[in-house]
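In what follows, a structure is listed as structure tokens, so that the remarks can point back to it.
The values are calculated or read from the model by the stated rules, or taken from the named source; none is laboratory data. These numbers were taken from a predicted model, which means no experiment stands behind them. Backbone-built Cβ (ideal geometry, glycine too); neighbour counts: all protein chains shown. Side chains included, ligands, DNA and RNA excluded: accessible areas come from the protein's heavy atoms. Shrake-Rupley method; radii C 1.70, N 1.55, O 1.52, S 1.80 Å.
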Amino acid sequence: MKINEVEALVGITKKNIRFYEAEGLLTPRRNSDNGYRDYGEAEVDALRRIKLLRKLGFPLEEIRQMQTGSRTVGDGMRRHLVTLEREQENLRSAAQLCAGLTDCAEKLEALDAQSLLERMEQMEQEGTTFMDKQKLDMKRRYVAPVVAAIVMAILMAGLIWLFLWAFETDPAGAPPLPLLALFIAIPGVVILGVVIALVQRLREIGKGDEDAVKKY
């Protein structure tokens, strides 16, 4: 089967199938004639098991250990059950805190946030873990500038390599060394500028800069 057929059969997108392959959870054979991946019933069954465990909230590492046989299904389920029970208890604590505020008739600006934060801090010391959406949002904001910087640096590094390769291949037809040095220096300066801009941007995001994050 081809990946399109597997996608329709199992209900997992091609992107996710490729992701599981990259993570080593799926290893389809290669067609010796065209180099394409060939999927059989074994791969379909493996994807169905992965889909089942992911729907139950299993992390990839737990699935990997169950696939390799270092953990049985029962072992994995017992470990995951402990995690689910801990998350359930955390949600229950958060729900109780929210339930206590449902009758609050005050506007937000009149809310005594400090006392509630102190109460939450006490609960955290007792073992409760609250969802920190701010940290999650911050992580997402880091992704775009880092990816953009990496792509630009790779392009400029490729340009430098191209200049050097051309010089080594045909020294007689290459431009004078001062001019070649200039050609190499320009992308080098661009890489340096990208790195400096990235560091500055990450510092701004880390300080909670909200105004231009989405434009970066």
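Condition first: open to solvent by less than 50 Å² (accessible area, probe 1.4 Å) and either part of a loop (DSSP other than H, G, I, E, B) or not aliphatic (A, V, I, L, M) (or both). Now tell me which residues in the stretch 189-205 satisfy that.
Correct list: Gly193, Arg201.
Any chance you could count how many residues in the stretch 111-129 are open to solvent by 60 Å² or more (accessible area, probe 1.4 Å) and part of a helix (DSSP H, G or I)?
The qualifying residues number 8.
Can you name the condition, by its number, that Leu136 falls short on among (1) of a type outside the set (Gly, Ala, Ser); (2) in contact with a Pro (Cβ under 9 Å, 6 or more places away or on another chain); (3) at pLDDT below 85?
The number of the failed condition is (2).
Of all residues in the stretch 1-44, how many are within 19 Å of the chain's Cα centre (by Cα) and on the phi > 0 side of the Ramachandran plot?
1
Per-residue answers, yes or no, for (1) in contact (Cβ under 8 Å) with a residue 60 or more places away in the chain; (2) open to solvent by less than 90 Å² (accessible area, probe 1.4 Å); (3) β-branched (Val, Ile, Thr):
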site	(1), (2), (3)
Pro145	yes, yes, no
Met152	no, yes, no
Gly158	no, yes, no
Thr169	no, yes, yes
Ala174	no, yes, no
Leu177	no, no, no
Phe183	no, yes, no
Pro187	no, yes, no
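Within the stretch 59-76, track down each residue that is open to solvent by 70 Å² or more (accessible area, probe 1.4 Å) and in a helix (DSSP H, G or I). Show your work before the answer.
First, pick out the residues of the stretch 59-76 that are open to solvent by 70 Å² or more (accessible area, probe 1.4 Å): 61, 67-68, 70, 72-73.
If the condition is that a residue be open to solvent by 70 Å² or more (accessible area, probe 1.4 Å) and in a helix (DSSP H, G or I), then Glu61, Gln67, Thr68, Val73 are the ones that fit.
Taking the condition in contact (Cβ under 8 Å) with a residue 12 or more places away in the chain and more than 27 Å from the chain's Cα centre (by Cα), does Leu47 pass? Write out each step before concluding.
On the way: in contact (Cβ under 8 Å) with a residue 12 or more places away in the chain: yes; more than 27 Å from the chain's Cα centre (by Cα): no.
So Leu47 does not fit the description; no.
Looking at (1) in contact with a strand residue (DSSP E or B) (Cβ under 9 Å, 6 or more places away or on another chain); (2) free of Cβ contacts under 8 Å to residues at least 12 places away in the same chain, which is the only condition Arg54 fails?
(1)
Given the criterion open to solvent by 50 Å² or more (accessible area, probe 1.4 Å), in a helix (DSSP H, G or I), acidic (Asp, Glu) and under 30 Å from Thr129 (Cβ atoms), identify the matching residue among Glu89, Glu7, Glu106.
Glu89 is the lone residue from the list that is open to solvent by 50 Å² or more (accessible area, probe 1.4 Å), in a helix (DSSP H, G or I), acidic (Asp, Glu) and under 30 Å from Thr129 (Cβ atoms).
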